[in-house]
């Protein structure tokens, strides 16, 4: 399933994105089975039983339970995740272009829920910096509580996968050895369009990942090039912290970031950034200046 959080009228609900003869459509689970939560975190926390209800609702959905995609507003699949755990320098070409050695252990940092925006929502350029960079990433969504997970069992704890953009203010990031300030500006975590369930992705390490700005390809790689795999990351992280349903692990970006280019290539107001991951869809976000937002 391609699970989505969407807004229709003044209500926010959970459903599924499907292909129709006239384009993509959104199936509204709540109108089919009231036992299915309206909130994605609650749906994931319900485990296999609730996920089975969602799958059954999708199979029985009729036209009256569906909306054309343009008729609703897709939000980030998980609007307020409990944890957003990001991995730095996890592609060899990105480590090389950053003048960093290939790490011996995963480089871990955090983002917070304030960064999250969904497909079509704006990346807002802050007024305090012009060095805003893009980072296409393949993100993993945890499906059940995970602690001290063995690597060979790790994929059993995955609910699914989602495109993510680890937008970064490079000057703030590099002020100190800790990256948090450059990573946590509002709107710096676009995510979506859907949480694609793990059963739809037989091998998470064989997916093309691309980032374009206004059609220009700036990043192009494949998740087979990850230094630390999804099972390795889950095992390593769960040895330290309890991972909970809806937590996000963003696995790092490949080479081609703006900071490594000559001249450097920062995001500019008026552009549109697209992250596309094979089997997961396209995450598209416009870029706007902070003062354009303040006038709205």
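Each value in this text was obtained by applying a stated rule to the coordinates, not by laboratory testing. Remember, it's a predicted structure, so these values are computed and weren't measured experimentally. Please note: Cβ atoms are built from the backbone with ideal geometry, for glycine as well, and neighbour counts cover all protein chains shown.
Just a few scattered comments:
- Value of [θ]222 nm, deg cm²/dmol, for the chain, DSSP H segments ≥ 4, -39500 (n - 2.57) each, nearest 500: -4000 deg cm²/dmol
- Whole-angstrom gap from the range 103-131 to the range 182-236, using each part's C-alpha centre: 14
- Rounded, prolate or oblate (a/c below 1.5 giving rounded, otherwise prolate when a/b exceeds b/c) for the range 150-209 by Cα gyration tensor: prolate
- Calculated FRET efficiency for the pair residue 63/residue 180, C-beta based, R₀ 35 Å, to 0.05: 0.15
- Prolate/oblate/rounded call for the chain, Cα gyration tensor, a/c under 1.5 rounded: oblate
- Note: relative contact order over the chain, using C-alpha pairs below 8 Å and six or more positions apart, is 23 percent.
- Rounded if a/c under 1.5, otherwise prolate or oblate - the range 142-296, Cα gyration tensor axes: prolate
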